[in-house]
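A.B. asks: I'd like to ask you about the structure that follows.
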Amino acid sequence: MVIGNDLEAFYKTANYPLVNECDMLPEMREEAVDICVTAIEKYQADLEKATQVIKEALDKKFGGPWNCVAGNYFSFKVTHECKTFLHLYIGGKIGVLTWKL
């Protein structure tokens, strides 16, 4: 268990994306993760803008309509098209969920 200063140290070292759940094919997953990481890093202070960028990039790359949610704390239950679901964490604490309906 990580607490206090150890938690902040963890966040500073957790600079890689951690995929929690995904049913995408490997190539699609890699591209989707790259899109998510790039948007979150660029718009970390404005997650609404980041999700808009992610959604538009996924729509363009893989055909729409895609959905995206990002934040520090959220739970979810979604219905999605097969092979289009991705849930990951970026920077140790920002969760990103994308799916196609």
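The values are calculated or read from the model by the stated rules, or taken from the named source; none is laboratory data. Predicted model only: the values in this text are computed from it and were never measured. Reconstructed Cβ throughout: ideal geometry from the backbone, glycine too, with neighbour counts over all protein chains shown.
A.B. asks: Applying the selection to the range 73-101, what residues are more than 18 Å from residue 27 (Cα to Cα) and assigned to a loop (DSSP other than H, G, I, E, B)?
C.D. replies: Within the range 73-101, 73, 74, 75, 76, 77, 78, 79, 80, 91, 92, 93, 101 qualify.
A.B. asks: If you take the residues in the range 39-48 that are in contact (Cβ under 8 Å) with a residue 12 or more places away in the chain and part of a helix (DSSP H, G or I), which one is surrounded by the fewest Cβ atoms within 10 Å (Cβ to Cβ)? Walk me through it before giving the result.
C.D. replies: The initial filter retains those residues of the range 39-48 that are in contact (Cβ under 8 Å) with a residue 12 or more places away in the chain, namely 39-41, 44, 47.
Applying the additional criterion that residues be part of a helix (DSSP H, G or I) yields 39-41, 47.
Values: 39: 24, 40: 23, 41: 13, 47: 19.
The extreme case among them is 41.
A.B. asks: Anything in the range 1-48 that is at pLDDT below 95 and among the hydroxyl-bearing types (Ser, Thr, Tyr)? List them, or say none.
C.D. replies: Result: 11, 13, 16.
A.B. asks: Taking the range 49-89 only, how many residues are without any contact (Cβ under 8 Å) to a residue 60 or more places away in the chain, within 15 Å of residue 33 (Cβ to Cβ) and either loosely packed, with under 15 Cβ neighbours inside 10 Å or aliphatic (A, V, I, L, M) (or both)?
C.D. replies: Number of matching residues: 7.
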